[in-house]
Amino acid sequence: EDAEEADHPNEGRKLSADEVKSLLLILLSIVLWFFGYNAVTSKYSVYASNILHKDYNLTLIIAQAAAIVAYLPVGFIAGRIGRKKTILAGVVMLTVAFGVAGFLTADSPSALMNAMFALAGIAWATINVNSFPMVVELASGGDVGKYTGYYYTFSMAAQIITPILSGLLLEHVGYQTLMPYATVMVAISFVTISLARHG
């Protein structure tokens, strides 16, 4: 029994109150940035057609391509400066990308919107590569599956809810609300993830 405990010193341990607070703040941050990013990716086709009068496929492909290219580099960066600082940088980039995109109109150059979506893709990779490990880092050896479940429950729930919320705004207030909605959600996540002290 002593040997088993030595091999798995954290097995079955309970989180401290401060660790629980950090876990909840991380999960809330995950919900908020998924609210912002997935609102844009799920409703951008409608937004582009009605506000920008432009093709939306290329823009979304650019965002995905930028994210794929960034996955490995942001992992290395996080290893040097830490996950939390890397995520905060990603949140700032995503807020800027959506904030600037909100001011673009049908007369704006297509290259500018593509650049903002490339920045959003890099930011999204920066956030995602590091947020999942932050949740799992709080788990003891036998609880990794449970904490993985926490991450996916909150992220998937956000992806289900945000198209409904943003869709209601688009329908009842106007299409121009999409980018401000995403910007505000992501900006709030900067505050919540800043307050996390563990993970």
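Please compute the length gained on full extension between residue 148 and residue 184, using 0.36 nm multiplied by the number of residues separating them and subtracting their Cα-Cα distance.
Numbers: separation 36, 0.36 × 36 = 12.96 nm, distance 2.68 nm.
Length gained, residue 148 through residue 184: 10.3 nm.
Quote to one decimal, in nm, the extra length available between residue 69 and residue 157 on full extension: 0.36 nm per residue of separation minus the C-alpha distance between them. Let's see the in-between values first.
Working: separation 88, 0.36 × 88 = 31.68 nm, distance 2.69 nm.
My answer for the length gained is 29.0 nm.
Probe of 1.4 angstrom, ligands and nucleic acids ignored: what's the accessible area per residue over segment 136-199, in square angstrom?
Working: 3240 Å² over 64 residues.
Result: 51 Å² per residue.
In straight Cα distance, which lysines are under 18 Å from residue 14, not counting same-chain residues fewer than 8 positions off?
146
Between residue 173 and residue 137, what is the FRET efficiency for a Förster distance of 45 Å, r being their Cβ-Cβ separation, to the nearest 0.05? Walk me through the numbers on the way to the answer.
Working: r = 40 Å, r/R0 = 0.88.
E between residue 173 and residue 137, to the nearest 0.05, is 0.70.
Could you tell me the ratio Rg/Rh of the chain? Both radii from Cα atoms, Rh via Kirkwood.
Values: Rg = 18.6 Å, Rh = 17.7 Å.
My calculation of the ratio gives 1.05.
Just the accessible area per residue of segment 70-109, please: how many Å² with a 1.4 Å probe? Please list the in-between numbers first.
Values: 2240 Å² over 40 residues.
Per-residue value: 56 Å².
Can you list the lysines whose alpha carbon sits under 27 Å from that of residue 54, skipping same-chain ones fewer than 8 residues off?
Residue 54 reaches 43.
When we measure straight from the Cα of residue 21, which lysines land under 16 angstrom away, once same-chain ones fewer than 8 places off are left out?
Output for residue 21: 84.
Exposed loop GluC sites (Glu not before Pro) only (DSSP loop, at most 14 other Cβ atoms within 10 Å): please give the longest stretch of the chain free of them, not including the sites.
Values: sites that count: 1, 11.
The reported range is 12-199.
Take 59, 41 and sort them by solvent-accessible surface of the protein heavy atoms, 1.4 Å probe, largest at the top. Please report the intermediate quantities before stating the final value.
Details: 59 5, 41 45 Å².
Most to least solvent-accessible, the answer reads 41, 59.
With a 1.4 Å probe and every protein chain kept in, tell me what percent of the accessible surface of the chain is carbon plus sulfur.
Details: 6580 of 10040 Å².
Ligands and nucleic acids excluded, carbon and sulfur give 66 percent.
Taking the Cα centre of the chain as the origin and placing charges on Cβ (Lys, Arg +1; Asp, Glu -1), which of 30, 165, 100 is farthest toward the positive end of the dipole?
100
Would you mind calculating the relative contact order of the chain from Cα pairs under 8 angstrom and at least 6 residues apart, reporting the percent as a whole number? Please report the intermediate quantities before stating the final value.
Working: 277 pairs, mean separation 85.3, N = 199.
Over the chain, the number comes to 43 percent.
Along the charge dipole of the chain, Cβ charges K/R +1 and D/E -1, which of 48, 120, 196 sits furthest on the positive end?
48
The values are calculated or read from the model by the stated rules, or taken from the named source; none is laboratory data. This one's a predicted model, so the numbers in the text were calculated from it and none came from an experiment. Cβ coordinates were reconstructed from backbone atoms using ideal geometry, including for glycine residues, and neighbour counts include every protein chain displayed. Ligands, DNA and RNA are stripped out before the accessible areas are found, and what is left, the full protein with its side chains, is counted by its heavy atoms. Shrake-Rupley method; radii C 1.70, N 1.55, O 1.52, S 1.80 Å.
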